[in-house]
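The values are calculated or read from the model by the stated rules, or taken from the named source; none is laboratory data. Nothing here was measured: the structure is a model prediction, and the numbers come from that model. Please note: Cβ atoms are built from the backbone with ideal geometry, for glycine as well, and neighbour counts cover all protein chains shown.
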Amino acid sequence: MSHGSSGTETSEGDLRKTGLALKHDREWDYELDRIVSAVNERDASTVGLQFPEGLKRRGPAVADDLRSLLGDDVHVMISGQPCYGACDLDTYLMRRTDVFVHFGHSPMKESEKIIYVPLFSNVDVAPIMEEAIGELPEEEVGLVTTAQHMNRFEEMRSWLEQRGYTVHTRRGDERLTHEGQVLGCNYASADIDADQILYVGGGKFHPLGLAMEHPDKRVVIADPVNNVVTVADTEKFMKQRYGAVHRAMDAERWGVVFCTKIGQGRWEVATDIVENNDDAYLITMDEVTPDRLRNFDFDAFVNTGCPRITTDDGPQFHKPMLTPGEYEIAVGNEPLESLSFDTFHGTW
Ligand code: SF4
């Protein structure tokens, strides 16, 4: 299989387990001109760069390019903090730099200080949409995607319309920048009048959340990165969540995690739990990891930060890790049937 020049797409089957999906050679547009203009306009002497995990290795090269464009009197710094979303700005570096550039995510909240550079994927979406047609029998279809593929949203819409579909889209709440955009913690853009939804994008997490949040809808996943079409099946995921809730039902002492990342704080959710449970303790932290919680001797945890940590990494924590809604079930305040995906609204 050849992976030659930039954006090479292949149609040679499901790439999820091959590791090849990662090798798509991409040409990102770092929008250096926009950064240089902002530096000149603000007469800036310090620039902070923040990359998502998958692009951190490109940071030094981008810094080099900027340094050669800006000259020696401007200092360019790279954030080493973990970064999984626009909810995750490195506020330390932001405060200490005149221009702060956040790559790879759409704005959760605009600020004069921050330049958001989206870094769209250049993967062609038409071949995988063609394959997805077989899974979309009805005329009405909802369309959603992630920030990475937002540049092709209108193309996706007209592609479907040309094939006779009535396409339903909507802009979600203020946590989402674009019409049709979903986040791992927010599916408000899928509150639409169609029983089937086409999700175009990489990975399974978003469509799983979407399917749990909208159990009455059929969610078809067209993944142009891994070259595969599937229908979201929440069963395995639900079992994992029910398992965690069951294991937490006997818990006496609870650690309630309040995440200090700028766009992940749910203070009221966290303090409500602690105020109503004498055996619950509020723990503040930025990055929530199994290692960081291991030394706490609680029977179970509740994570009020990013729901992906709870659901993706849940099994790696040494004690059950629940979402706030799951906590209410585990302590008997809500029935088991109320189990749902943990979504997150608002910004900060
Ligand atoms: S809270 Fe989690 S799912 Fe939501 S935007 Fe941030 S990293 Fe993504």
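Which residues, counting only those in the stretch 297-348, are over 20 Å from Arg266 (Cα atoms) and among the polar types (S, T, N, Q)?
Result: Gln316, Ser338.
Is it true that Ala211 is free of Cβ contacts under 8 Å to residues at least 60 places away in the same chain, buried (at least 22 other Cβ atoms within 10 Å of the Cβ) and not assigned by TED's automatic domain parsing to the domain that holds Met321?
When the stated conditions are applied, Ala211 passes them.
Only one of these conditions is not met by Gly54: (1) farther than 12 Å from Phe100 by Cβ; (2) touching a Lys or Arg at 6+ places or on another chain (Cβ under 6 Å). Which number is it?
(2)
Against the condition closer than 16 Å to Thr323 by Cβ and at pLDDT 95 or above, how does His246 come out, does it pass?
Details: closer than 16 Å to Thr323 by Cβ: yes; at pLDDT 95 or above: yes.
Yes.
Go through (1) free of Cβ contacts under 8 Å to residues at least 60 places away in the same chain; (2) within 30 Å of Met156 (Cβ to Cβ); (3) among the hydrophobic types (A, V, I, L, M, F, W, C) for Leu55 and report which single condition fails.
Just one mismatch for Leu55, condition (1).
Would you check if there is a residue in the stretch 217-236 being among the charged types (D, E, K, R), in a helix (DSSP H, G or I) and closer than 19 Å to Thr311 by Cα?
So the first thing to find is which residues in the stretch 217-236 are among the charged types (D, E, K, R), and the list is 217-218, 223, 233, 235-236.
Now narrow it down to the ones that are in a helix (DSSP H, G or I): 235-236.
Among the residues that remain, those that are also closer than 19 Å to Thr311 by Cα are: 235-236.
Looking for residues that are among the charged types (D, E, K, R), in a helix (DSSP H, G or I) and closer than 19 Å to Thr311 by Cα, one finds at least one in the stretch 217-236, hence yes.
Among the residues of the stretch 20-40 satisfying the criterion of being at pLDDT 95 or above and of a type in the set (Gly, Ala, Ser), which is nearest to the chain's Cα centre (by Cα)?
Ala38
This table checks each residue for (1) of a type in the set (A, V, I, L, M); (2) within 16 Å of the ligand (Cβ to nearest atom); (3) in the same structural domain as Ala211 (by TED's automatic domain parsing).
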| position | (1), (2), (3) |
| --- | --- |
| Ala244 | yes, no, no |
| Val274 | yes, no, no |
| Asp297 | no, no, no |
| Thr310 | no, yes, no |
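Restricting attention to the stretch 232-255, which residues are surrounded by 15 or more Cβ atoms within 10 Å (Cβ to Cβ) and within 21 Å of the chain's Cα centre (by Cα)?
Within the stretch 232-255, Ala232, Thr234, Phe237, Met238, Arg241 qualify.
When only residues in the stretch 307-318 that are of a type in the set (D, E, K, R) and in contact (Cβ under 8 Å) with a residue 40 or more places away in the chain count, which is surrounded by the fewest Cβ atoms within 10 Å (Cβ to Cβ)?
In the first step, residues of the stretch 307-318 are kept if they are of a type in the set (D, E, K, R); the result is 308, 312-313.
Retained after the next criterion (residues that are in contact (Cβ under 8 Å) with a residue 40 or more places away in the chain): 308, 312.
Values: Arg308: 19, Asp312: 13.
Top of the filtered list is Asp312.
Can you tell me which residues in the stretch 81-101 are away from the ligand (no atom under 16 Å from the Cβ) and more than 18 Å from Tyr30 (Cα to Cα)? Show your work before the answer.
Step one: list which residues in the stretch 81-101 are away from the ligand (no atom under 16 Å from the Cβ), which gives 92-101.
Once the filter is applied, which keeps residues that are away from the ligand (no atom under 16 Å from the Cβ) and more than 18 Å from Tyr30 (Cα to Cα), the stretch 81-101 yields Tyr92, Leu93, Met94, Arg95, Arg96, Thr97, Asp98.
Within the stretch 321-339, identify whether any single residue is β-branched (Val, Ile, Thr), within 14 Å of the ligand (Cβ to nearest atom), in contact (Cβ under 8 Å) with a residue 24 or more places away in the chain and outside any loop (DSSP other than H, G, I, E, B), and answer yes or no.
no
What strands (runs of 3 or more DSSP E), lying completely within the stretch 103-204, carry at least 2 residues that are within 16 Å of the ligand (Cβ to nearest atom) and over 15 Å from the mean Cα position of the chain (by Cα)? Can you show your working first?
Details: elements: 114-117, 140-145, 166-168, 196-200.
Output list reads 114-117.
Are any residues in the stretch 166-208 among the basic types (Lys, Arg) and either outside the structural domain of Glu135 (by TED's automatic domain parsing) or over 16 Å from Thr347 (Cα atoms) (or both), and if so, which ones?
Within the stretch 166-208, the first condition is being among the basic types (Lys, Arg), and the residues that meet it are 170-171, 175, 204.
Arg170, Lys204, listed by residue number.
Are any of the residues in the stretch 259-274 within 20 Å of the chain's Cα centre (by Cα) and hydrophobic (A, V, I, L, M, F, W, C)? First the steps, then the outcome.
First, pick out the residues of the stretch 259-274 that are within 20 Å of the chain's Cα centre (by Cα): 259-266.
Still in the running and hydrophobic (A, V, I, L, M, F, W, C): 259, 262.
Checked against the condition, which is being within 20 Å of the chain's Cα centre (by Cα) and hydrophobic (A, V, I, L, M, F, W, C), the stretch 259-274 yields at least one hit.
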